[in-house]
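J.: Provided herewith is a single structure, encoded as structure tokens, for subsequent inquiry.
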Amino acid sequence: MARQETSMDPLDWIDHQGTPFARFRVGGFQYRLLQIGRALGIIFGVGFLGLLGYLLLVDAGPGRPRDGLKMLKGAVVAVAVLGAGIAVLARSRKSKGLNVLVCTDGLARMQGDEIEILPWQDIRSVTRIARASDEMRSTFEPAVQLVLERTDGSKWTFDETLRDLKQLRILVEKCTLDNLLTPAQEALRAGRPVVFGPISVDASGISFGKELLPWSHYQHVEAERGRLTVFESERGKAFCKVDTAQVPNSHVLQALAESVRGAAARETT
């Protein structure tokens, strides 16, 4: 991963990597919620532990028996609340001051005096993650994430503490599409299947598990609200539905399916 520290103005330094045309900063509702959760978790956790300590050590005496089980449960709750506050603190500190620049040649991630560069050609996969509220273990867990995997296996992960995360995802998908679509098309022409998690594409159609949707019955692919759906042309019903978290490069899958359908249509005219 290209990482540099520099005393040069970051924007001037980034300009050597390609012209920046969009900038994304940390902020918004989710980030403010993290700040509130961090403060409340730590305050209540420390306060509850202090109260338990007072009851256990100071407010003791004859005729005032202690319920050991209740005290233990209270201590567990206090430690859990304090731990949650510390976890949120770590997450908010990790995001503090983060700036992401979208440049003609790739992404630049700036935080403090550190700058990291991710060229478009080094991105192997783009994955959308969107969790429903009932799938989240905590209110402070990120519900929406954008995960970029590099060719070396390392990952950049952005969540909704970054303002306009959806717009960043749209730009990343647009800028990576050509680099990722071309090898997928070449694989199809060579007779090899192209795999997108549980979904695969080949010359015969789109496969999901043991089911095959022939190209003659394919309508379109839709990715919305964390769910990718492949539709059949017959009555427009869904052939399969999969969480986008399980389908890396869903934008490539959509473009590849459309290119195959377009080629088939041209052959029949």
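J.: Given H placed on each backbone N at 1.01 Å, which residues far from Ser233 in sequence or on other chains put an amide H within less than 5 Å of it?
T.: Those lying under 5 Å, H to H, from Ser233 are Tyr218, Gln219.
J.: For a footprinting-style exposure proxy, rank Val194, Val147 by other Cβ within 10 Å, fewest first. Mind showing how you got there, number by number?
T.: On the way: Val194 19, Val147 16.
The fewest-first ordering by Cβ neighbours comes to Val147, Val194.
J.: In addition: If packing is taken as the average number of other Cβ atoms within 10 Å across a peptide's residues, how do 106-112, 230-236 rank, most packed first?
T.: On the way: 106-112: 19.0, 230-236: 14.0.
My ranking of the peptides, most packed first, is 106-112, 230-236.
J.: Let me ask something else. How much length is gained on full extension from Asp164 to Arg25, taking 0.36 nm per residue of separation minus their Cα-Cα distance?
T.: On the way: separation 139, 0.36 × 139 = 50.04 nm, distance 0.85 nm.
In short, 49.2 nm is gained.
J.: Taking every pair of alpha-carbon atoms in segment 193-268, what share in percent sits in each 10 Å bin, from 0 to the bin with the longest distance?
T.: Histogramming segment 193-268 at 10 Å steps yields 20, 59, 20, 1 percent.
J.: Along Cα→Cβ, 7 Å out, is where each label goes; now give me the distance between the ones at His220 and Gln185 in nm to one decimal.
T.: 2.1
Only the coordinates and a few stated rules stand behind these numbers; no lab work does. Everything numeric here is computed off the predicted structure, so don't read it as measured data. Positions of Cβ are backbone-derived with ideal geometry, glycine not excepted, and every protein chain shown enters the neighbour counts.
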